Amino acid sequence: MSPPQENQRSPVGGYHNRYSPQVINNTQYSKNKGSIEAMASRKPFGEANLNIQGSMPAKKEGFNRVLDGLKKRQLQHDFKLERAAETYEPIQNIGSGAFGIVCEAVETSSDDKVAIKKVAHASATPTLARRTLREIRVLRYIDHPNIVTLRDIFRTQGPLGIDVFLVMDLMQNNLHHIIYGNEEPLDEYYINQFLGQLLRGLEYLHVASIAHRDLKPSNLLVNQDGTLRIADFGMAKFTDNSSKKHDDEEHCYYMTQHVATLPYRAPELLFVLPEHSTAVDMWAVGCIFGEMVTRNELLPGRSVQGQIKMLLTMLGHPPQHVIDEIRCDRTKKLIQDFVRKADPDWEDIMYCKARGDDQIVRGHCDTIDFVKQLFQYDATKRISIQEALAHSYIRRVIEPQGSQKKCPFRVKKDMMQVEDLSHQELIEIMKQDVRSAENTYNEMRSGDSTGSTSSDSLSADTSGEYHPMEQHEKIMEDVATQISICEPSSL
Ligand SMILES: Nc1ncnc2c1ncn2[C@@H]1O[C@H](COP(=O)(O)OP(=O)(O)OP(=O)(O)O)[C@@H](O)[C@H]1O
């Protein structure tokens, strides 16, 4: 059966489900060819056989009609766009997470396909408001080929507060589906390409001291041409010394609320260590890389305690100085009482997890060393993004790129502010941000290139008791003194 075409009607009615488990065509699979020469002999990446196939069984017509009707009603219920209904027409639900529902839609003026993420009642709790503001503030000024593109923001008034809608470029799939959508492990070529793009997207963020903090395969979106973009910035955070007091609170939060996805959670979050930074993402990179190679989660814990035991079993004990820093007595005791295991043999771990088919790791010292460096218990010893990009394994398998654009300085400043706001302030600033973004995007759509910036719009609105712009500027001043970086052009 030939693969369904994009937007072809599927046997069950509605559009072909491009989000069902997908397949990488392995016709180009060639074991042990990880070098740049081997990559060069392949088709250009844009033409690669990254085939997307539907896997929905045919169902009876009547049943399908009912099902379609129900889905349509659910979509209409979830995506009441109010004024924005003139601009966007929702087509189908394509994904949901703990905080958002995402639909595919068409921008009526351009016929472009977009993804709309709805964060329902975003103002209802401080956690939701902070998550939403973080996502808005990271994505608004970011422009990078490996980070999802935000096209528009708007809000509606829902029964439990504000519903915020983020409109993004539509991506066709996510890495989770791609890893598990095939019987065979992922082609080594794609593993390296995905890893390279993930590292480049992270470099852009980490250089600006922004940690994503929720990296996992389902948050890495992938298109048919193999482009990978990092998505879901609800946990993203500016990480420097000045945010330590919040880290303390968040460590407890992590322990109790299970915010970040456990199998990708770094030990400093899991063990309640005093500090964490962009290094948490590098641990997750190790987990994602291992998962691409083995088609199995490397550290699949299902509870905080289970995850800690999983680490101890697979990776052995943390060094004593790391244990000494743990402030949660229960965690400390759990680790101290746990039977000591030998240090990990990464070749064996990958081999065992891959059920004996790990062509990428077997016999490659540099790959093993790369993995070891990512799984350092001590975050200060863990490989940084720059070290990872300079590592011999990465240099062997990924073509070097020229110098990258810098993340705008305003993103750092805006992100810093998010962590200091009370619930009420979060709501006010979120409204301000959405309003100013709406203006900017509307002006861009209507071709007005003199569109006001966020600061213009914010300062224009000074009604009411609370003055976010004053607060904003004060924090900017503080940040400017705290961070000794001078980038006047991006201010
Ligand atoms: N731009 C996009 N294009 C296509 N699909 C997308 C896009 N953005 C998100 N998705 C899909 O929607 C799903 C949910 O989105 P997202 O992860 O942002 O929501 P969330 O509630 O914040 O998730 P989580 O529970 O991981 O925190 C994703 O796994 C992805 O498959």
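The values are calculated or read from the model by the stated rules, or taken from the named source; none is laboratory data. Nothing here was measured: the structure is a model prediction, and the numbers come from that model. Positions of Cβ are generated from backbone atoms using ideal geometry, with glycine treated the same way; all protein chains shown enter the neighbour counts.
Is it true that some residue in segment 164-178 is closer than 18 Å to residue 433 by Cβ and among the β-branched types (Val, Ile, Thr)? Yes, segment 164-178 has at least one match.
Within segment 173-190, the set of residues being surrounded by fewer than 19 Cβ atoms within 10 Å (Cβ to Cβ) and either free of Cβ contacts under 8 Å to residues at least 24 places away in the same chain or in contact with a helix residue (DSSP H, G or I) (Cβ under 6 Å, 6 or more places away or on another chain) (or both) comprises 176, 183, 184.
Comparison of 225, 169, 214 shows that the only residue that is touching a strand residue (DSSP E or B) at 6+ places or on another chain (Cβ under 7 Å) and among the acidic types (Asp, Glu) is 169.
Filtered by the rule that a residue be within 16 Å of the ligand (Cβ to nearest atom), of a type outside the set (Gly, Ala, Ser) and not in a helix (DSSP H, G or I), segment 194-226 gives 212, 213, 214, 215, 216, 220, 221, 222, 223, 224, 225. Pick from 200, 229, 213: which is among the charged types (D, E, K, R) and over 10 Å from the mean Cα position of the chain (by Cα)? From the options 200, 229, 213, the qualifying one is 200.
Scanning segment 100-109 for residues that are farther than 17 Å from residue 221 by Cβ and within 16 Å of the ligand (Cβ to nearest atom) yields 106, 107.
Among the residues of segment 88-99, those identified as touching a residue at least 40 places away in the same chain (Cβ under 8 Å) and either within 13 Å of the ligand (Cβ to nearest atom) or surrounded by fewer than 18 Cβ atoms within 10 Å (Cβ to Cβ) (or both) are 91, 92, 94, 95, 97, 99. Any chance segment 119-137 includes a residue that's under 19 Å from the mean Cα position of the chain (by Cα), part of a strand (DSSP E or B), closer than 30 Å to residue 295 by Cβ and within 12 Å of the ligand (Cβ to nearest atom)? No: segment 119-137 contains no residue that is under 19 Å from the mean Cα position of the chain (by Cα), part of a strand (DSSP E or B), closer than 30 Å to residue 295 by Cβ and within 12 Å of the ligand (Cβ to nearest atom). Scanning segment 380-416 for residues that are of a type in the set (A, V, I, L, M, F, W, C), assigned to a loop (DSSP other than H, G, I, E, B) and surrounded by fewer than 21 Cβ atoms within 10 Å (Cβ to Cβ) yields a single hit, 398. Considering segment 138-172, and only residues there that are near the ligand (Cβ under 10 Å from one of its atoms) and in a strand (DSSP E or B), the residue that is surrounded by the most Cβ atoms within 10 Å (Cβ to Cβ) turns out to be 166. Scan segment 74-85 and tell me whether some residue there is small (Gly, Ala, Ser) and more than 16 Å from the ligand (Cβ to nearest atom). Yes, the conditions are met somewhere in segment 74-85. Restricting attention to segment 414-472, the residues being modelled with pLDDT under 80 and either touching a Pro at 6+ places or on another chain (Cβ under 7 Å) or of a type in the set (A, V, I, L, M) (or both) number 4.
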